[in-house]
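> Sharing a structure below in structure tokens format, with a few things to ask.
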Amino acid sequence: MRIRNGFIAAGVVSMFLVSGCGGKGNEVVNYETPIHVSHSLQFLGNKVEAENVEVIEDIITGFMTEHPDVRVSYESIKGTEYYKALRKRELSGNLDDIFVINNDTGLDFTAHGSLLDISELVEKVPFTENMLSQMEFKDGNIYWAPLIVSAFGLYCNRDLLEQYRQQVPKNLEEWEAVCDSFLSKGITPIIANNDISLKTLAIAKGFYPTYKEGNQSDVFQGLNSGEDEVSSYLEDGFSLVKAFCEKGYIDAKQALATEKTSDDLEEFIKAESPFMLTGVWAAGRMKKMEPDFEFQVVPYLVLENGSVLVENPDVCLGVLALGGEKKLAKEFVSYFLKEENLNRFADNQSSFSPLEGKQEPALIEIQPIVKQYKNQISVIGSDSHLRFPLWDITNKLLSGTNVSVLMKRLDERVSKSINTEEVGK
């Protein structure tokens, strides 16, 4: 759905099934259209929440003020349905002028010739070296640019923990002990959603040793060539997730029906469970819901002696290679990549700026995440140096089946992806 004479953010209810262990309603925001419109740009994204849309609207308005003969229409589809719709538009030849992509769709779209090289735009922006390494393809071109660096964390209800004489845990052993304590009292300790919660936990546990040793390049080369199997790195992570489900730390049936950063927040604010696994970007939204308890967000407690932060270059902008407004679309992306716009967009989502200087989110509840981000004790959730769509593949692997069967299925999907897509670094 589009409104041709204004601004649209249409939230589409989504439902993604994570076996074994989804926003809500539509919102339309209209503002004045320029009187004399000579050019139109269509912008498709996945941010539909009012506070996020407000920032996007302001950036669009700023661009239109500088280009009074241009109209920009923004359409948003929420949740996992967004990438389904994006792929359908590409297949049908109906991609928008500018659109949000992730690493997985970026790999596919670049192989299909759907993305325009925006290297000259990126060269003018002080991205961190880490972010630049995530953007650069083997052909030397850059096809998308991240607007934020997202993180994932464990939300802890400090008041509920104190009520039951518990503290915020600092490692895996302590976390499991607290979960056992709540479980013995008939309380399900962890709220998880049907999208990002469990796969990021598995990736944190499974890939951390690789990032700790700093040998990602060699490891990923072996995985990309098919010489090594990804299951050998992720089996520990999926075993941990399965154990959490089997022990009852996570209500599998409830997680199946829980939409990320919406249903999970509604459950957490009831103050019936001490923990929630979701994106750190939801912390600001959680605070605005005015919970009657104090909460804190910490990195994933998957190590015997500490925790791991999962981060991701996120909300990446791509430009349609075959569009009629390529020059203008690039001008819009360049405008969005201005430091003041990126910093405001990142802070609005309790996320990190991808720029040098690393503006830090100010929200006090996520300072443990900020501290670990500084120290770079982290794993990239969907590393672009991997040639296969790990983010998508791991979405579909949790079930009641034993871990060895799950890992075999994972390796088969990776092998199929490598053999059918000649994409990568």
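The values are calculated or read from the model by the stated rules, or taken from the named source; none is laboratory data. Remember, predicted model here, so these are calculated numbers, not experimental data. Counting neighbours? That spans all protein chains shown, and the Cβs are built from the backbone with ideal geometry, glycine included. For accessibility, only protein heavy atoms count, side chains too; no ligands or nucleic acids. Shrake-Rupley method; radii C 1.70, N 1.55, O 1.52, S 1.80 Å.
> Estimate the FRET efficiency between Q163 and N375 by the formula 1/(1 + (r/R0)^6), using the beta-carbon distance for r and 30 Å for R0, to the nearest 0.05.
Result of the calculation: an efficiency of 0.45.
> Would you work out the relative contact order for the range 177-262, in percent, from Cα pairs under 8 angstrom that are 6 or more residues apart?
That works out to 48 percent.
> Share of Cα-Cα pairs in the range 156-195 beyond 12 Å, in percent?
61 percent
> Local charge sum around D159 (other residues, Cβ-Cβ under 11 Å, Lys/Arg +1, Asp/Glu -1)?
Counting the neighbours of D159, the net charge comes to -2.
> Next up: Pairs K78/K287; K205/K408; K287/K330: which are spaced more than 25 Å apart, C-alpha to C-alpha?
Over 25 Å Cα-Cα: K287/K330.
> Counting only DSSP beta bridges with both residues in the chain, what percent are antiparallel, rounded to the nearest 5?
65 percent
> Can you order the peptides 239-250, 178-189 by their average number of other Cβ atoms within 10 Å per residue, highest first?
With the highest mean Cβ count within 10 Å placed first, the list reads 239-250, 178-189.
> Gain in length, L132 to S184, computed as 0.36 nm per residue apart minus the alpha-carbon separation, to one decimal in nm?
That works out to 13.9 nm of additional length.
> So, in nm, how far is label K270 from label N343 when the simple model puts each one 7 Å beyond its Cα toward the Cβ?
For K270 paired with N343, the spin-label model returns 4.2 nm.
> Could you tell me what percent of the accessible area of the chain is made up of carbon and sulfur, with a 1.4 Å probe and every protein chain present?
Answer for the chain is 47 percent, counting heavy atoms of protein chains only.
> Another one. Taking 7 Å along the Cα-to-C-beta vector as the label spot, tell me the R89-N141 distance in nanometres, rounded to one decimal.
Label-label distance for R89 and N141, simple model: 2.0 nm.
> Give me the distance in nm between label points sitting 7 Å out from Cα along the Cα-to-Cβ direction at M289 and A257, one decimal.
1.7 nm
> Using alpha carbons only, how many angstrom separate the centre of the range 59-108 from the centre of the range 281-302?
Centre-to-centre distance over Cα atoms comes out at 29 Å.
> Quick one: 3J(HN,Hα) in Hz for the range 244-254, Karplus 6.51/-1.76/1.60 with θ = phi - 60°, rounded, Gly and Pro as x.
Rounded to whole hertz, the list is 4, 5, 5, 6, x, 4, 10, 7, 4, 5, 5.
> Can you compute the helix-only [θ] at 222 nm over the chain? Use -39500 (n - 2.57) per DSSP H run of at least 4 residues, normalise by all residues, nearest 500 deg cm²/dmol.
For the chain, the value works out to -12500 deg cm²/dmol.
> When ligands, DNA and RNA are left out and all protein chains stay put, how many square angstrom of accessible area per residue does the chain have with a 1.4 Å probe?
For the chain, the solvent-accessible area averages 41 Å² per residue.
> Among 273-279, 44-50, 286-292, how do they line up from the highest to the lowest mean number of other beta-carbon atoms within 10 Å?
Peptide ranking by packing, descending: 273-279, 44-50, 286-292.
> Treating the beta-carbon of each Lys and Arg as +1 and of each Asp and Glu as -1, no other charges, what is the dipole magnitude of the chain about its Cα centre, to the nearest 20 debye?
640 debye
> Ok, one more. Please report, in whole Å, how far the alpha carbons of the range 292-419 spread along each principal axis, starting with the longest.
That works out to 50, 48, 30 Å along the principal axes.
> Compare the peptides 317-325, 94-102, 337-345 by average per-residue count of other Cβ atoms within 10 angstrom and give them in order, highest first.
With the highest mean Cβ count within 10 Å placed first, the list reads 94-102, 317-325, 337-345.
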